[in-house]
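Below: one structure, written as structure tokens.
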Amino acid sequence: MAWKDECCRKCFTFIWKLENASYCWQKIGERIESPSFILDSIEETKWKLRLYPRGQDWSNEIGFYLVREADSKGADNIEIEYDLSFLAQDGTSLESRSPMIRNFFRKYGFGFNSFATREDVFGARRSAFLRDDTLTARCRIWKTNGEIPKEVQCFARTRIGVEKTSFLYSIKNFSSIQSVDKYVYRIKSLKNNAYLICMTLILPGGLNSEETISFDITPRDPNIKLTTFQLSALDASRNATECFRDEFWFDERIGTKRFALLRTKRMLMEEKNVYLPGDVLTLQCECAISFGIALQEIERISYDNAPVQHREPDSYCLETANLLFESKSVLNENLKSMLDDCTLFDINLRTTNRTYPAHKCILSARSPVFKAMFSNNMKEKISEYVDIEDFDDDTISLMLQYIYTAEVKELEWETALHLYQASDMYEILTLRNVCSFYLKVNLCPSNACETLVLANLHEDDDLKSYVQDFILRDTENIMNSEEWEHLMKFNPNVCSFYLKANLCPHNACETLVLADMHKDDNLKSYVQDYILRDTESIVNSEEWKNLMKFNPNLAMDTLKLKITEQIRL
């Protein structure tokens, strides 16, 4: 169909920005998907875009598809017309395919396994495709029977969490180093100082003039998906000579990767006056660490009934988005100035040490709790002050900053914990999500128990599930810690997920007693069901005999359930 015909027809446009696209961790045949979107005008069907960043079948081609979701509404078979494009920052099309008509069943998609080459997108034309390392993909959809009643533009964003660091790694007495010597560099997070990766010098069989210089890299954060390393040797004049550049994937099966420098010891020793001043080898290391998806959201949906045939089809949506972004930036600055200048304020938030002027209308718009205070017959409605005794000054200051600007400065662990609690208390859910994301990214064995208690206290099932998975992946380190011992002693209900996951005939009776002692009915019922499924091996065990001896009522209650079950059958 000619472009002129397409631009005169109303369509649904979905624009997806993939931020930090260079750090997609998917291997060949693995995919990353956009947030789901719904076409109300086409039987409320549900869709998503799917990319194969390193190719579906071979590594040099990027696959790009439109997929109908498995839980989509509508008829079993939906016919639509659609096209796919990669866009430049100004909205012009860099790579596209002509519109096609296809019949989509649920769970099925259509597209191209070689939509664009990686060499083009990530190499030769990177500056066009990946401005600010963001890939912009677009899908336009038309009805084949009739017309979509109005133009719809849906803007979505996926951000890959990345932390970058650079450092100097100095190896002293290089010429005499032995294979038994340990040289370990621990890469720490710039956000919370937690260990991310250990980098260990490996000298197999003793380092002589012929041997290669190898390193083992071991992740300490189970959320790490991909790392890129670039190592260069610094000469006496601090000029860098590249010795290694590559990327590594990490999964549960393979925890350590090994690589070798391009320069051997012999090569360095032959130029020791250049590369070994004072018998010290200095490596300049640049490392980027990908943690997977950090943000996935539909940013906004725009509806426009105005004619579209006179608009430039490829640039209109993004030009509009840029104008709206500028407008939002001005609004953001205006609101921030109201907070900073303390103008026209009509309420004060009062902590133990400070008073923060604010505006009831803005607080009410951002927080249902503040709205209730100022709308209902509460003392804050007529008072000039809201007394806040639960949080310190820094927390309230950061919360106000977010209320007025939707921004929060770089967080630290303790700050994020307090801000999470404050945002939950005042029901500022988007701020709570920001803090929750920070806690997830910076989760480590030493703070996992504390975070689990926090998530449980605030009934945050998403964060709670994430921490539970983290603990189960690093059981050995966490279960032997003082934090876990303290948690089991004073808050065992929170640990029930672990007890369920590790339940076996040898510990079933002990777990049943623990659940009964702490009145955890959910865990107790779970263990009783487990015992009923494996009655023979458990009832004949020493553990059961002890249960019958010291806690006969609990044992008999469990057996009664078995009898009741048999009668029912």
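The values are calculated or read from the model by the stated rules, or taken from the named source; none is laboratory data. The model shown is predicted, which means the values in this text are computed figures rather than measured ones. Note that each Cβ is placed from the backbone with ideal geometry, even for glycine, and that neighbours are counted across all protein chains shown. For accessibility, only protein heavy atoms count, side chains too; no ligands or nucleic acids. Shrake-Rupley method; radii C 1.70, N 1.55, O 1.52, S 1.80 Å.
For this structure, a couple of remarks:
- Per residue accessible area of segment 413-558, 1.4 Å probe, in Å²: 51 Å²
- Spin-label model, Glu412/Arg533: points 7 Å from Cα along the beta carbon direction are separated by 4.7 nm.
- In Hz, Karplus ³J(HN,Hα) per residue of segment 60-68 (6.51, -1.76, 1.60; θ = phi - 60°; x = Gly, Pro): 8, 10, 9, x, 9, 9, 9, 10, 8
- Cα pair count fraction exceeding 22 Å, expressed as % - segment 163-293: 36 percent
- Over segment 367-437, the reciprocal of the mean inverse Cα-Cα separation, the Kirkwood hydrodynamic radius, stands at 12.7 Å.
- Checked against a 23 Å cut-off, the cross-linked pairs Lys27/Lys164; Lys191/Lys360; Lys191/Lys464; Lys107/Lys225; Lys464/Lys524 give Cα-Cα distances beyond that limit for Lys191/Lys360; Lys107/Lys225.
- Each residue was assigned an accessible area with a 1.4 Å probe, and for Lys545 the value is about 110 Å².
- Remark: spin-label model distance Asp57-Phe167 equals 4.4 nm, labels positioned 7 Å along the Cα→Cβ axis.
- Apportionment of accessible area to carbon and sulfur, segment 107-196, percent (1.4 Å): 42 percent
- For segment 163-293: accessible area per residue (Å², 1.4 Å): 50 Å²
- Approximate spin-label separation Glu44-Glu384, in nm, with each point projected 7 Å along Cα-to-Cβ: 5.2 nm
- Summarising the strand pairing of the chain, around 90 percent of its internal DSSP beta bridges are antiparallel.
- Fully extending the segment from Leu559 to Glu30, taken as 0.36 nm per residue of separation minus the present Cα-Cα distance, adds 185.5 nm.
- The local environment of Thr117, defined by Cβ-Cβ distances under 13 Å, has a net charge of 0 under the rule Lys, Arg +1 and Asp, Glu -1.
- Segment 353-362 - phi-based ³J(HN,Hα) in whole Hz, Karplus 6.51/-1.76/1.60, Gly and Pro as x: 10, 9, 10, 10, x, 8, 10, 4, 5, 6
- For Rg and Dmax of the Cα atoms in Å, calculated from these coordinates, the label among (1) 29.7, 88; (2) 28.5, 100; (3) 26.3, 93: (1)
- Placing a label point 7 Å from the Cα of Phe550 along the Cα-to-Cβ direction, the residues of segment 491-529 whose backbone N falls under 11 Å from that point are 510, 513-514.
- Net +/- balance of residues flanking Thr352 in space, Cβ distance below 14 Å, scoring K and R +1, D and E -1: -4
- FRET efficiency, Glu297 to His506 (Cβ-Cβ, R0 51 Å, nearest 0.05): 0.65
- With every protein chain in place, segment 465-567: carbon and sulfur % of accessible area (1.4 Å): 49 percent
- The phi torsions of segment 261-270, fed into the Karplus equation with coefficients 6.51, -1.76 and 1.60 and a -60° offset, translate into couplings of 6, 5, 9, 7, 5, 4, 4, 5, 5, 5 Hz, rounded to whole numbers, with Gly and Pro shown as x.
- Heavy-atom accessible surface of segment 12-150, averaged per residue, reaches 42 Å², computed with a 1.4 Å probe.
- Remark on Cys243: its backbone amide H falls under 5 Å from those of Leu231, Ser232, Ala233, a criterion applied only to residues 5 or more positions apart or on other chains, H modelled at 1.01 Å from N.
- Accessible surface ranking that places the most exposed of Met548, Met100, Met199 first, with a 1.4 angstrom probe: Met548, Met100, Met199
- Restricting segment 46-122 to trypsin sites (Lys or Arg not before Pro) in coil, as DSSP defines it, with at most 11 other Cβ within 10 Å: Lys107
- Net charge contributed by nearby residues that have their C-beta within less than 14 Å of Met479 (K/R +1, D/E -1): -3
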